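Data first, discussion second: the structure below is written as structure tokens.
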Amino acid sequence: MDGTTFGRTSLLCTLLLWAFQVSSGAVTVNVTPKVEVLKGETAKLPCTYTVSPAPSNTVVEWYIEEHGTRKRVAFSQGGDGKSDDSTPLTGRVTIEKDFSLTISSVQPSDQLDFYCQVTAGTAGVGEATTMLKVFFAPEKPELTKQSSQAISVGQSTSSEIGTCVTMNGHPQPRIIWFKDDQPLAEVKDRKEKTYMISSVVKEASGLYTVRNTLHMQLKKADKDSVFQCTVEYSMPGEQIKQKKSDTITINLNYPSEKATFSLLNAEPIKEGDTVTMKCETDGNPQPEIDFTKDGKVIVGQNGILLLKSVKRTEAGVYKCTATDFDNLEADLSGTITLNVNYIDPMNVIPAEPQVVKLGEDVEWQCKTKASAGHTVQWKKGSEVLSQDGMLSIQDVSYDKAGEYMCVGAVPSVPGLTAQASVNLTVKGKPMIESPAVGTVGKEGDMVTLECSAYGSPAPQFTWKPSVKESVSVEGNKVVSTVILQATAEVMKDGVTCEVANEHGTDSKTFMVSVKRAIDNSADRADKQQGGSSGVVIAVVVCVLLLLLLVALIYFLNKKSKLPCSKKDKKEVASGDVNNDIVVEMKTDKANEEAGLLNKRRSTEQ
């Protein structure tokens, strides 16, 4: 007998027992009212019962209800549990010894009411219902714009903003729209300015896909709005969770109401700069924009007017004008007054190079004009020589020769400067710098000597003894370098450098000597030894002086030449004292002075 036949027979017997029972009984069945489980996991539905009086044979059966009809899925009789064939749970359901029903790999379609029915012979029949709830988190919602085309403000109908789709959730999730992080009320009436159209698809897997499209009538204030959708779904334990989509913004067209014309340069404009001016309106898209200066049309591009290497003549009043055909009544214009700062080239008098004789005077004057307050400085290198445009040099020397720079600047405009330079040449007989002493390790070594001389025209060098030279120019002086052997004659008489030009001559002798080796460590040792010797000598001298003082006192006492006052008088022990000498030293300065005075008088007598 198969399970189905057995079940039907059992049910028939139960009905007969109800009809013809001669004594009454009671069956109480206990189950968990609701069991929650995630899709794919295992669900366990407990069932216990009590029967009074205790029956000799009890049957426990589990049923589901499909389309209004109950269908058994498992049963247990006499401790032997079996599952029924040809049910949605076949192969995934078992009935345990404690009569609980276990369902493996739970699917969304398993979300049903389960009935635990207990038949206890003459005691009767009892049942209880368990609701199985199946949960599965949906995928992250995907938010897409309806199209890349812009939405225009002022339309009489609502425009489609975007569509939000979330897939594979159970139970059916809910989509909530957000605008600028604020939730939008769910509205389904298409007559409203803001409403949503939602659709739900139950997939073959039993999971739900929800699609929701937002429609709105937008205003200009919505031009920077951010839209987002959130899927809200349930999980076991009455948890409500959410997943957020990415955000979208919309391309909104709206008419212009005002124009802004601005200068993009941060620093004051000076000649040679590139000037950028921008004209834009508060509408979208930007209308056509025209530029003029003093009534004359100037070509710009995309609202940008660019002036490269600007000149002072380009200063003036610039105007931009926009035309928006969606708002022809608006005044869409703006003006900029452009100031171009400048400084004229520096005017130096005299401008040509100056050639003066050694000891003469020279003077320059420097002037310029500028668009604002300016300064004029004379410099040689980094040294500032004058602040008033006049430069006078008295009693010119060779070191004054060189390039002088006149620099003009406008302090209020960073980088606005001009400069001019002049050269000063000093003519005169040559002059040799003081020569340095040449040194060698030993006689016969090679030595390098340099002879530096000022003079204009450039002097000619002659070395004695004659040797091959190399000549270089360093600023205002000429340097002649020679390499020769330090012979005995060279070390005795030195080497002579003679210079000459059309204005005169000069000569200097370079001496060559042997470099003395210095042992630093020995030198330090000598110094330490010398210091130690000094300390020893000082100690010895002090000891000698002390002994000399003691001997003097002893001598004076021996001769009875040291008088004492009655109060302070001390007798020297006499007699047999083993030849020891007893000496008393007084610290009273007055007594010492009196003793010395008596000694001097005794000597005079």
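Over 23 Å between Cα atoms, which of Lys191/Lys220; Lys220/Lys244; Lys379/Lys508 qualify?
Long pairs (Cα-Cα over 23 Å): Lys220/Lys244; Lys379/Lys508.
Determine Rg/Rh for the range 142-253; Rg is computed over alpha-carbon atoms and Rh is the Kirkwood hydrodynamic estimate from the same atoms.
Over the Cα atoms of the range 142-253, Rg/Rh equals 1.00.
Using only alpha carbon positions, build the gyration tensor of the range 347-425, then give the equivalent ellipsoid semi-axes as the square roots of 5 times its eigenvalues, largest first, whole angstrom.
Each semi-axis is √(5λ); the values are 25, 11, 10 Å.
Net charge near Glu329: determine it from the other residues with C-beta under 13 Å of the C-beta of Glu329, scoring Lys and Arg +1 and Asp and Glu -1.
-3
Can you tell me the Rg and Dmax of the range 259-338, counting just the alpha carbons, in angstroms?
Just the Cα atoms of the range 259-338 yield Rg and Dmax of 12.9, 41 Å.
Tell me, what are the semi-axes, in whole angstrom and largest first, of the equivalent ellipsoid of the range 433-514 as set by the roots of 5 times the Cα gyration tensor eigenvalues?
Listed largest to smallest, the semi-axes of the range 433-514 are 24, 12, 10 Å.
Alpha carbon centre of the range 410-428 versus the range 221-276: separation in Å?
Comparing the Cα centres of the range 410-428 and the range 221-276, I get a distance of 53 Å.
Work out the charge dipole of the range 276-324 with +1 on the Cβ of Lys and Arg and -1 on the Cβ of Asp and Glu about the Cα centre, then indicate which of Cys279, Ala322, Leu307 is farthest towards its positive end.
Of the options given, the answer is Leu307.
How big is the Cα convex hull of the range 214-267 in projection, averaged over all directions, in nm²?
7.8 nm²
Dipole of the range 401-483 (Lys/Arg Cβ +1, Asp/Glu Cβ -1, origin at the Cα centre): which of Cys406, Ala436, Pro459 lies farthest to the positive side?
Checking the options against the dipole of the range 401-483, the answer is Pro459.
What is the fewest-to-most order of Leu112, Leu548, Leu143 by other Cβ atoms lying within 10 Å of their Cβ?
Leu548, Leu112, Leu143
Read the figures in this text as sums done on the coordinates, not as results from a lab. Owing to the predicted nature of the structure, the values given are computational and were not obtained by experimental measurement. Cβ coordinates were reconstructed from backbone atoms using ideal geometry, including for glycine residues, and neighbour counts include every protein chain displayed.
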